[in-house]
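Heads up, the thing below is written out as structure tokens.
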Amino acid sequence: QVQVVGSGGGLVQAGGSLRLSCVASGSISNIYDMGWYRQAPGKQRELVAAISRSGSTNYADSVKGRFTVAGDNAKRTVDLQMNSLKPEDSAVYYCNFKNMYGANFWGQGTQVTVSS
């Protein structure tokens, strides 16, 4: 059984920072991609940032230059440093691990609210 637990959300003023952390445990192996997605009310879940096993990163255009993703494949952790937060960054953030067999493992979601 796989357990994915994310943490670090909260309420912050515009311009502030938050750091999200996530760890996977249990029967998960051969991870090739880790990252964070978000879903705002009435919108589809979207990719925020991801890091591959090789270390290459992928960011949504809206967060480039403000967010930084970091992952440790051996420890099965993925973090998201969010700086210069904007109200439009408010959403539920989900961490995600993908293995080489195409399986997705999701965290429970953590709320990020940015006040103007």
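The values are calculated or read from the model by the stated rules, or taken from the named source; none is laboratory data. Small disclaimer: the values here were computed from a predicted structure and weren't measured. We place every Cβ from the backbone using ideal geometry, glycine too, and count neighbours over all the protein chains shown. Note: accessible area is taken over every heavy atom of the protein model, side chains too, but ligands, DNA and RNA are not part of it. Shrake-Rupley method; radii C 1.70, N 1.55, O 1.52, S 1.80 Å.
Could you tell me which residue of the stretch 8-48 is farthest from residue 91 (Cα to Cα), considering only residues that are in contact with a Gly (Cβ under 9 Å, 6 or more places away or on another chain) and among the small types (Gly, Ala, Ser)?
24
Yes/no matrix, rows are residues, columns are (1) at positive phi; (2) hydrophobic (A, V, I, L, M, F, W, C); (3) touching a residue at least 40 places away in the same chain (Cβ under 8 Å); (4) open to solvent by 50 Å² or more (accessible area, probe 1.4 Å):
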{"position": "30", "(1), (2), (3), (4)": "yes, no, yes, yes"}
{"position": "33", "(1), (2), (3), (4)": "no, no, yes, no"}
{"position": "52", "(1), (2), (3), (4)": "no, no, no, no"}
{"position": "57", "(1), (2), (3), (4)": "no, no, no, yes"}
{"position": "63", "(1), (2), (3), (4)": "no, yes, no, no"}
{"position": "67", "(1), (2), (3), (4)": "no, yes, no, no"}
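Within the stretch 69-78, how many residues are of a type in the set (D, E, K, R) and open to solvent by less than 80 Å² (accessible area, probe 1.4 Å)? Even if it seems obvious, please write down each step before you answer.
At the first step, the residues of the stretch 69-78 found to be of a type in the set (D, E, K, R) are 72, 75-76.
Then keep just the ones that are open to solvent by less than 80 Å² (accessible area, probe 1.4 Å); that gives 72, 76.
Total meeting the criteria: 2.
Show the residue pairs meeting these rules: Cβ distance below 9 Å; 6+ apart or different chains; first residue within the stretch 1-27 and open to solvent by 30 Å² or more (accessible area, probe 1.4 Å); second residue in a strand (DSSP E or B) and among the acidic types (Asp, Glu).
Close Cβ pairs satisfying both conditions: 8/79; 19/79; 21/79.
From the list 44, 81, which residue is touching a Ser or Thr at 6+ places or on another chain (Cβ under 6 Å), open to solvent by 30 Å² or more (accessible area, probe 1.4 Å) and more than 15 Å from residue 105 (Cα to Cα)?
Matching residue, one of 44, 81: 81.
Starting from the stretch 100-116, keep only residues that are under 26 Å from residue 10 (Cβ atoms), then list their pairs with residues that are basic (Lys, Arg) whose Cβ atoms are within a distance under 8 Å, requiring at least 6 positions of separation or different chains.
That search, which allows pairs on different chains as well, returns 104/98; 105/98; 112/38; 114/86.
Is there a residue in the stretch 75-83 that is more than 15 Å from residue 6 (Cα to Cα) and in contact (Cβ under 8 Å) with a residue 12 or more places away in the chain?
Yes, the stretch 75-83 has at least one match.
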